[in-house]
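Heads up: the structure comes next, in structure tokens.
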Ligand code: GDP
Ligand code: MG
């Protein structure tokens, strides 16, 4: 018998880090330099086979406008089972905001057993690395472990680097918990 799993995954991080671009790349295979700032909360859906028995309906929840406040309402977080926390490699301030976002996530949602929801860290815009990178591999490795992320990836929504890998890592983690 086939079963369907609906997974609500949040995509959080500061304004302009590439959240909307990552979602569009993953779901629609497109990239543009001109996304209008979405207003409010929006989600995109990707449906795929996970294994012989399981179809995943993956909802990626975008935010827009509210990023400037650095936190979201509990309604947005409700029933989320995972998160992508995104920063922009070329802007150190967006990396500093990562812990604020992770803190907000852990304060507002948890799994049924009380454990934090799995989160993967995305160092986005890696195609622009030469423009002054604020963090490097070994440091991020330690950071990831110390702050309870399940993994990290250098990504580019523009060049389609590691977007699939990062999301697959998150989904694997979510699916291995039940
Ligand atoms: P959001 O505010 O987090 O949703 O960020 P957007 O997805 O709107 O992206 C902000 C800007 O960064 C846009 O001009 C995008 O085209 C650009 N951008 C997003 N991802 C990348 C990337 O991987 N590489 C480059 N070079 N630009 C990107
Ligand atoms: Mg956006």
Helix 19-28 axis, angle to the chain major axis (alpha carbon atoms, nearest 10°): 50 degrees
query: Semi-axes, largest first, in whole Å: what does sqrt of 5 times each Cα gyration tensor eigenvalue give for the chain?
result: 24, 18, 17
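For the residues 89, 1, 175, what sequence is obtained by ranking on other C-beta atoms within 10 Å, fewest first? Before the final figure, lay out the partial values.
Numbers: 89 26, 1 3, 175 16.
With the sparsest Cβ surroundings first, the list reads 1, 175, 89.
Within a 10 angstrom radius of the beta carbon, how do 101, 50 rank from fewest other beta carbons to most? Let's see the in-between values first.
Working: 101 24, 50 16.
The order, fewest Cβ neighbours first, is 50, 101.
State, as an integer percentage, the relative contact order of the chain based on alpha-carbon contacts under 8 Å between residues 6 or more apart. Mind showing how you got there, number by number?
Details: 341 pairs, mean separation 42.9, N = 178.
The normalised contact order for the chain reaches 24 percent.
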- request: Could you work out how far apart the two model spin labels at residue 92 and residue 57 are, taking each label as a point 7 Å from the Cα in the direction of the beta carbon, and quote it in nm?
  value: 4.6 nm
field: Extension gain (nm, one decimal) between residue 146 and residue 127, 0.36 nm per residue minus Cα-Cα
entry: 4.2 nm
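Over the chain, what is the percentage of antiparallel beta bridges among all DSSP beta bridges, to the nearest 5? Walk me through the intermediate numbers first.
Numbers: 11 of 33 bridges.
Percentage antiparallel, nearest 5: 35.
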query: For helix 163-175, what angle does its Cα long axis make with the longest principal axis of the chain, in degrees from 0 to 90 and rounded to 10?
result: 40 degrees
Between helix 98-108 and the chain: long-axis angle, C-alpha atoms, 0 to 90°, nearest 10: 30 degrees
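Read-outs throughout are calculated quantities, based only on the coordinates presented, and are distinct from any laboratory measurement. Keep in mind that what you see is a predicted model, and the values were worked out from it rather than measured. So basically every Cβ, Gly included, is an ideal-geometry build from the backbone, and we count neighbours across all protein chains shown.
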